[in-house]
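Novice: Here it is, the structure in full.
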Amino acid sequence: MADIIKKLAPHVANLIAAGEVVQRPASVIKELCENSADAGAKNITVEFTDGAMTFLRVSDDGCGMSPGDAVMAFQRHATSKISDGDDLDRIMTHGFRGEALASIAAVSRIDLMTRLKGSIEGTSVSLEGGSVTENIPAGCPEGTTIIVRDIFFNTPARMKYVKKNTTEAAAAVTAVQLQALAHPEISFRLIRDGREVFHTAGAGDLKSAIYDVCGREFAAGLTEVKGSYNDVEIAGYVTRPTASRGTRSGQHFIVNARPISSKLLTSALEEGCKTRIPISRYPGCVIRITVKPTSVDVNVHPAKQEVKFSREREVYDSLYYAVLSAMTGDEGRPEMQLKPPVKDIVKTAQITNQTTVKAEPKSDMTFRSMTVEDYRRMMEKAAAISDKTAQKAVIPAPIPTAAERDEPRPEPPKAPVMPAVIPEEPLREEPPVPVKEEAPQGPEQQSLPLPGADVPYYKYIGEAFDTYIIIEEKTGLLLIDKHAAHERIMFEKLKESEGPPMSQLLIVPEIVKLSPKEAQAILSHTDEMAEAGFEVEDMGDDCVMVRQIPSFMEPGDILPVLEEMAEELLKGRNKPSTQRKERLLYTLACHSAIRAGSRSDPAELRKLAEEVLTRPDVRYCPHGRPVTVSLTRAQLERQFGR
Ligand code: ADP
Ligand code: MG
């Protein structure tokens, strides 16, 4: 048989290579911008119309090319950036394969105009499907302009994979945004259909680039991330929990000035934010990671969108701890957003008077006139009443679950704290501020959560609208959303406890009718339900019999809680069971937390305030809403013109 293997003609080889490099107009934009950045450009303008398939122009003021290089640049494997294999280990430029221009040219029509810095004359080269159709001297500005038209005009098969114009345009915009974020030192200008989309300053400041590229709102929700560990440098910004997002689209990682996607980095980021961001919300970020060129292999992806770190653990830890400390670091609590003081101060004072709750002088007086002994007696009395009321909430005393009856189990964890019941009678007079030294170790102190660290100075002022606890701190006023705070605390406690929460057996089991889907979800996860403190049984006809519920839960809440839990189980179908469990606990925390608008015992609110004041993790509720808002003394003084 005759030989059948032939070497492919260069234009066919280029077409094949183009398949890897050029997937859509956005990939062309990325390659051209990277070339401009490698050419030392200070300004890069990207312009396109429609979906960037028919017209796309990238101009830069970089070093430009000589007439010879202007043609050579389109040859496959022609590059000025590396010359031998060793260079691959110390790549400092974006490009190095010498493939991009050849690949782009193979599937489009190109006009290139370029002039070397300092040359009097430039060059104009045109290509169609990779073949040079014109090569003439031309007058043009220093730097390089490339126009790419009719992408895939000669490869109709590839056209099928191109999406509609708006989708391609969106991807093109994203590609320029990523480049602008990766290079705050370059001024990027994006013009789409004749209109400027954004224009970065190019002054080297990442925050300002984020502001220009991602908008004011995204930039305002960010907090700084900084850290370094061995040779890994982390710098950038992550969204505060309140600014978390519904998708991962706001996560941007830049490794040695290359925008890349990386599961490793995503997971380090999300782990670092984990306890602060509600389930099914994601942090956004723009984080630059700088490592030694020898510690990262950029040659693992044809479009260089992924990289391989030689010491993954080190990179993971560096990012994780940097994010964690940004989240726990004292970035302060959300401050109340006030309008600048209006000229008519009297008018403002009147308005404010209607809406603010004044400090009750009585409680302050009590504080000053009460002795430690008085205070202790009062706390003990209150604790006794509180115990009585707490017992009322639980139908019978906790009875072991079916599983516990069969085999011995370690002591169940303490029932989550803060009785969900609202006392029917006022417990006591306004007690004084439980300042650290005076805090008694009465029974109530044992049954309610103890703040983990020293309680800083605070004065309990009162509660507004049965919702907001008002606290005076050293530097200002703190408003605490009691539901959000309690919800967060409950959630953390439930999550930390090792076994299921303590349960109450219902005297009369409750039968709830659910939708077929909901019933199926609950009944096919009885183990997970048991871990959340529920014993449920199938009664047929989409009815579920509930024999046991967590002790802190109100029996009246069974139906809504079960419905929500079913929804969470359905949503978490394909997720790992640990995530499903978190979702269930989150539902429980939400339903058992004190409700906004309900009456609460001031002692209970004080305890809650102390937890908030001492625990850095109680900043946001599991929905990501703030637990507190602070109004600093300085803000108040400004408002009152003091
Ligand atoms: P690579 O970037 O991998 O070297 P390319 O095909 O993207 O390969 O580019 C080939 C060469 O063309 C580059 O090495 C560079 O010398 C030159 N070049 C491309 N774009 C520009 C530009 N905007 N300004 C100056 N030189 C450029
Ligand atoms: Mg290149």
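The values are calculated or read from the model by the stated rules, or taken from the named source; none is laboratory data. These numbers come from a predicted model, not from an experiment. Cβ: placed from backbone, ideal geometry, glycine included. Neighbour counts: every protein chain shown.
Novice: If a residue has to be touching a strand residue (DSSP E or B) at 6+ places or on another chain (Cβ under 8 Å) and farther than 15 Å from residue 180 by Cα to count, how many in the stretch 24-62 make the cut?
Specialist: The total comes to 11.
Novice: Select from the stretch 144-153 the residues that are within 16 Å of ligand 2 (Cβ to nearest atom) and in contact with a helix residue (DSSP H, G or I) (Cβ under 8 Å, 6 or more places away or on another chain) and list them in ascending order. It would help to see each step written out before you state the result.
Specialist: Of the stretch 144-153, the ones within 16 Å of ligand 2 (Cβ to nearest atom) are 144-146, 148.
Listed by number, the residues that qualify are 144, 146, 148.
Novice: Could you grab me the full set of residues in the stretch 31-48 that are at pLDDT 95 or above and either in contact with a helix residue (DSSP H, G or I) (Cβ under 6 Å, 6 or more places away or on another chain) or more than 10 Å from ligand 1 (Cβ to nearest atom) (or both)?
Specialist: 33, 42, 43, 44, 45, 46, 47, 48
Novice: Which of (1) more than 31 Å from the chain's Cα centre (by Cα); (2) more than 15 Å from ligand 2 (Cβ to nearest atom) is the odd one out, the single condition residue 62 does not satisfy?
Specialist: Of (1) more than 31 Å from the chain's Cα centre (by Cα); (2) more than 15 Å from ligand 2 (Cβ to nearest atom), only one is false for residue 62: (2).
Novice: For the stretch 198-218, which positions are surrounded by fewer than 19 Cβ atoms within 10 Å (Cβ to Cβ) and on the phi > 0 side of the Ramachandran plot?
Specialist: Hits for the stretch 198-218 are 204, 215.
Novice: Turning to a different aspect of this structure: Could you tell me which numbered condition residue 540 fails, if it satisfies all but one of (1) touching a residue at least 24 places away in the same chain (Cβ under 8 Å); (2) more than 14 Å from residue 584 (Cβ to Cβ)?
Specialist: Among (1) touching a residue at least 24 places away in the same chain (Cβ under 8 Å); (2) more than 14 Å from residue 584 (Cβ to Cβ), the lone unmet condition for residue 540 is (1).
Novice: Just checking, which of 605, 569, 584, 562 is assigned to a helix (DSSP H, G or I) and over 21 Å from residue 501 (Cβ atoms)? Working first, answer last.
Specialist: On the way: 569 fails: over 21 Å from residue 501 (Cβ atoms); 584 fails: over 21 Å from residue 501 (Cβ atoms); 562 fails: over 21 Å from residue 501 (Cβ atoms).
Residue meeting the stated conditions: 605.
Novice: Okay, next question. Are any residues in the stretch 167-196 surrounded by fewer than 20 Cβ atoms within 10 Å (Cβ to Cβ) and farther than 16 Å from residue 23 by Cα, and if so, which ones?
Specialist: Selection gives 185, 189, 191, 192, 193, 194, 195, 196.
Novice: Also, quick follow-up: With the requirement that a residue be in contact with a strand residue (DSSP E or B) (Cβ under 8 Å, 6 or more places away or on another chain), of a type in the set (Gly, Ala, Ser) and modelled with pLDDT of 90 or more, what does the stretch 559-617 give you?
Specialist: 609
Novice: Just give me the residues in the stretch 274-295 being farther than 17 Å from residue 182 by Cα and in contact with a strand residue (DSSP E or B) (Cβ under 7 Å, 6 or more places away or on another chain), in sequence order.
Specialist: 276, 281, 282, 283, 295
Novice: Do you know which residues across the stretch 98-129 are out of contact with any strand residue (DSSP E or B) (no Cβ under 7 Å at 6 or more places or on another chain), within 12 Å of ligand 1 (Cβ to nearest atom) and within 12 Å of residue 150 (Cα to Cα)? Reasoning before the result, please.
Specialist: Pass one, the stretch 98-129, residues out of contact with any strand residue (DSSP E or B) (no Cβ under 7 Å at 6 or more places or on another chain): 98-103, 106-107, 116-120, 129.
Now drop any that are not within 12 Å of ligand 1 (Cβ to nearest atom), which leaves 98-103, 106, 116-117.
Matches in the stretch 98-129: 106 only.
Novice: Can you give me the number of residues within the stretch 254-309 that are without any contact (Cβ under 8 Å) to a residue 40 or more places away in the chain, closer than 28 Å to residue 22 by Cα and not aliphatic (A, V, I, L, M)? Spell out the reasoning first.
Specialist: Let us first name the residues in the stretch 254-309 that are without any contact (Cβ under 8 Å) to a residue 40 or more places away in the chain, namely 263, 266, 270, 274, 282, 297, 300-301, 308.
From the residues that got through so far, the ones that are closer than 28 Å to residue 22 by Cα too are 263, 266, 297, 300-301, 308.
Among the residues that remain, those that are also not aliphatic (A, V, I, L, M) are: 263, 266, 297, 301, 308.
Number satisfying all stated conditions: 5.
To keep it simple, each residue is scored yes or no on (1) among the aliphatic types (A, V, I, L, M); (2) crowded, with 21+ Cβ neighbours inside 10 Å; (3) closer than 26 Å to residue 466 by Cβ; (4) touching a helix residue (DSSP H, G or I) at 6+ places or on another chain (Cβ under 9 Å).
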| position | (1), (2), (3), (4) |
| --- | --- |
| 492 | no, no, yes, yes |
| 497 | no, no, no, no |
| 504 | no, yes, no, yes |
| 513 | no, no, no, yes |
| 525 | no, yes, no, yes |
| 534 | no, yes, no, yes |
| 538 | no, no, no, yes |
| 543 | no, no, no, yes |
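Novice: Cβ-Cβ under 7 Å, sequence separation 6+ or interchain: first residue in the stretch 196-219 and under 20 Å from residue 46 (Cβ atoms), partner crowded, with 19+ Cβ neighbours inside 10 Å and of a type in the set (Ser, Thr, Tyr). Which pairs?
Specialist: Final answer for the pair search is 200/187; 201/187; 202/187; 209/200; 210/237; 212/200; 213/200.
Novice: So, one more: Check 151, 82 and return the single one that is modelled with pLDDT under 90 and more than 30 Å from residue 203 (Cβ to Cβ). Before the answer, list the steps.
Specialist: Working: 151 fails: modelled with pLDDT under 90.
Just a single option satisfies the conditions, and that option is 82.
Novice: Can you pull out every residue in the stretch 93-138 that is polar (S, T, N, Q), in a loop (DSSP other than H, G, I, E, B) and within 16 Å of ligand 2 (Cβ to nearest atom)? Don't jump to the end; show me each part of the working.
Specialist: Taking the stretch 93-138 and keeping what is polar (S, T, N, Q), we get 93, 103, 108, 114, 119, 123-124, 126, 131, 133, 135.
Restricting the remaining residues to those that are in a loop (DSSP other than H, G, I, E, B) gives 93, 108, 119.
Selection gives 93, 108.
Novice: Could you check the stretch 313-323 and list, in sequence order, the residues that are out of contact with any strand residue (DSSP E or B) (no Cβ under 7 Å at 6 or more places or on another chain) and at pLDDT 85 or above?
Specialist: Hits for the stretch 313-323 are 316, 320.
Novice: Give me a count of the residues in the stretch 251-307 that are in a loop (DSSP other than H, G, I, E, B) and not charged (D, E, K, R).
Specialist: 19
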